[in-house]
Amino acid sequence: MEFIQLVIANNLAKMRKMRGLSLDGLAELTGVSKAMLAQIENGKSNPSVTTLWKIANGMQVSFSAFLKDTDQPQIEKINIDQLTPLVDDDENYFVYSVFPFHPDKKFEIYTVDLKPGCRHVSEKHLGEEYLLVQRGKLTLDIQGQNFELGTNEALKFNANTEHMYINATEELTRFYLVIAYPD
């Protein structure tokens with residue numbers, strides 16, 4: 001079992017138990033099957049990004065609440081090459097949790113890689129997204145309106161509607177994503 005899988009398993013089980021929810025109750029709340037939730041909690045399944053968003057939305061917690069290790073130092077240097085990404089869309093969409101959500105700060109930071117031709121649909125969720133394209137070109141579809149972004153261009157939007165990240169090029173696209181949550 002990979003470290004990230006173990007962290008997700010422990011955090012999900014801890015949050016579910018703290019709320020006094022059974023697996024059946026959590027399944028009803030999130031729309032994720034009881035069997036899948038049990039596999040995730042037991043570390044037998046590494047959930048997709050979409051599944052983790054469904055659980056986060058159903059529990060009304062941040063996406064990265066499942067990704068954080070509880071012992072964090074005061075100063076932290078991160079090398080993305082040493083992070084284990086969550087992978088989705090036939091291994092074309094990679095999400096690196098750089099700085100997970102912290103309740104005192106109300107935001108989280110990710111790096112996202114989209115392989116050429118990738119179209120990733122993101123479920124609607126709480127908060128605002130602030131993204132900055134570091135490399136390549138990104139098309140962001142928000143309710144049928146397309147926004148074209150190139151290297152060093154940024155966009156802010158409310159994430160309360162389904163949105164799609166698209167890499168229509170032949171090269172890797174990388175962007176930084178900050179999700180800020182309301183009080």
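The values are calculated or read from the model by the stated rules, or taken from the named source; none is laboratory data. These numbers were taken from a predicted model, which means no experiment stands behind them. As a convention, Cβ positions derive from the backbone with ideal geometry for all residues, glycine included, and neighbour counts pool all protein chains shown. Protein only, heavy atoms only, side chains kept; ligands, DNA and RNA dropped before computing areas. Shrake-Rupley method; radii C 1.70, N 1.55, O 1.52, S 1.80 Å.
Among the residues of the stretch 16-24, are any touching a helix residue (DSSP H, G or I) at 6+ places or on another chain (Cβ under 6 Å) and within 22 Å of PRO100 (Cβ to Cβ)? Yes, the conditions are met somewhere in the stretch 16-24.
Kindly evaluate LYS14 against the criterion of being within 22 Å of GLU108 (Cβ to Cβ), free of Cβ contacts under 8 Å to residues at least 40 places away in the same chain and over 17 Å from the mean Cα position of the chain (by Cα). Here the answer is yes, as LYS14 does meet what is asked. Any residue at all in the stretch 145-154 that's buried (at least 17 other Cβ atoms within 10 Å of the Cβ) and under 26 Å from VAL61 (Cα atoms)? Within the stretch 145-154, not a single residue is buried (at least 17 other Cβ atoms within 10 Å of the Cβ) and under 26 Å from VAL61 (Cα atoms). Evaluation of GLN39 against the conditions (1) outside any helix (DSSP H, G or I); (2) open to solvent by 50 Å² or more (accessible area, probe 1.4 Å); (3) touching a Ser or Thr at 6+ places or on another chain (Cβ under 9 Å) shows that the sole unmet condition is (1). Between LEU132, LEU52, the distinction of being under 15 Å from VAL178 (Cβ atoms) and not in a loop (DSSP other than H, G, I, E, B) belongs to LEU132 only.
Of the set (1) out of contact with any helix residue (DSSP H, G or I) (no Cβ under 6 Å at 6 or more places or on another chain); (2) under 19 Å from LEU86 (Cβ atoms); (3) of a type outside the set (Phe, Trp, Tyr); (4) surrounded by 15 or more Cβ atoms within 10 Å (Cβ to Cβ), all apply to ASP141 but (2).
Residues in the stretch 17-35 that are in a helix (DSSP H, G or I), open to solvent by 30 Å² or more (accessible area, probe 1.4 Å) and either aromatic (Phe, Trp, Tyr) or closer than 21 Å to GLU123 by Cα (or both): GLU28, LEU29, LYS34.
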